[in-house]
Amino acid sequence: MAASNVSDRRTYGEAVLERFGGVTVPDAVKPHLTAFKGAHSRYEAACVKADATKEKRDEALSAVGTVDEGFDGTVNELADKMVGAGIGKRQNPFAGLSPHSPSKLAGLAYADEPKAARDLVGALSKKKPPAEVAKVAARLLKDASAVEAALKKLTAPQAAYTKALGDRDALLPDWDKSLRTLKKHSAAAWDGDDATFKALFAPVGAVQAPRKRRAKAAAPKAAKKGNSKPAEAPPA
């Protein structure tokens, strides 16, 4: 198979169709070429849609990453404030208040961070922390809500991207089958002309277009007797 992944199939299919545009297509091959054109066109359209939905998904995912960076920063700031206020020890400021250390809390999956933060702040509030600690703890709750909101905005783009990938991949069997059929009938139509057949279906980059057969050069005529000229000696 000359194409093994999405990018390869798109490039290879386009190349094959372009090469067929440079030759006279036998009648026996035309319907199979038309079928492959249709299959490739549908596959290309599905790829374009998948690319577009991926871009939107990536934008939403980037937004999640941005608010998560803020969340992680607030977690570390809260840890420092707690140590400064004598509420927690430097080794693990959240000990006794959360099963997670600051680094582990910041390293949780996005969906698990908000609950862990709220549990921590809830346990911390019972210790009546000073105002500067309570202020950072309140900001952590806001950051937790921001993570949740960003995750909700990610749901629809992620679902759309997943569906687009499924729709695209569902077209692969038809694409592959139509290409195999086109190759099969082309091999029969160009039987005895391996150069053209190989050029049409060569890997991308190996050849850009079928080569036209060159006419055999005429054999040089023998010099007439009595009119031959001796070869000149090479210069010394």
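Each value in this text was obtained by applying a stated rule to the coordinates, not by laboratory testing. What you see is a predicted model; the values in this text were computed from it and never measured. Cβ atoms come from the backbone with ideal geometry, glycine included; neighbour counts cover every protein chain shown.
Counting only the Cα atoms, the stretch 37-135 fills a convex hull of 100 Å³ per residue. Annotation for Thr24 and Val204: the two label points, set 7 Å from Cα along the Cα-Cβ direction, are 3.1 nm apart. Every Cα-Cα pair in the stretch 2-68 was counted, and those over 20 Å apart are 47% of them.
Label separation (Asp176 vs Ala195): 3.4 nm, computed from points 7 Å beyond Cα along the C-beta direction. Inter-label distance, Arg118 to Lys142: 1.8 nm, where each label sits 7 Å from its Cα along the C-beta direction.
When the inverse distances between all different Cα atoms of the chain are averaged and flipped, the Kirkwood radius reads 24.3 angstrom.
Relative to the dominant Cα principal axis of the chain, helix 113-125 is inclined by about 10°. Once the mean of 1/r is taken over each pair of separate Cα atoms and inverted, the stretch 109-162 shows a Kirkwood hydrodynamic radius of 12.4 Å. Loop-resident trypsin sites (Lys or Arg not before Pro) (DSSP state other than H, G, I, E or B) in the stretch 110-176 with no more than 10 further Cβ atoms inside 10 Å of their Cβ: Lys126. Could you compute the FRET efficiency for Asp167 and Asn5, with r as their C-beta to C-beta distance and R0 at 22 Å, rounded to 0.05? Calculated value: 0.80. Relative contact order of the stretch 1-148, taken over Cα pairs closer than 8 Å and 6 or more residues apart, is 21 percent.
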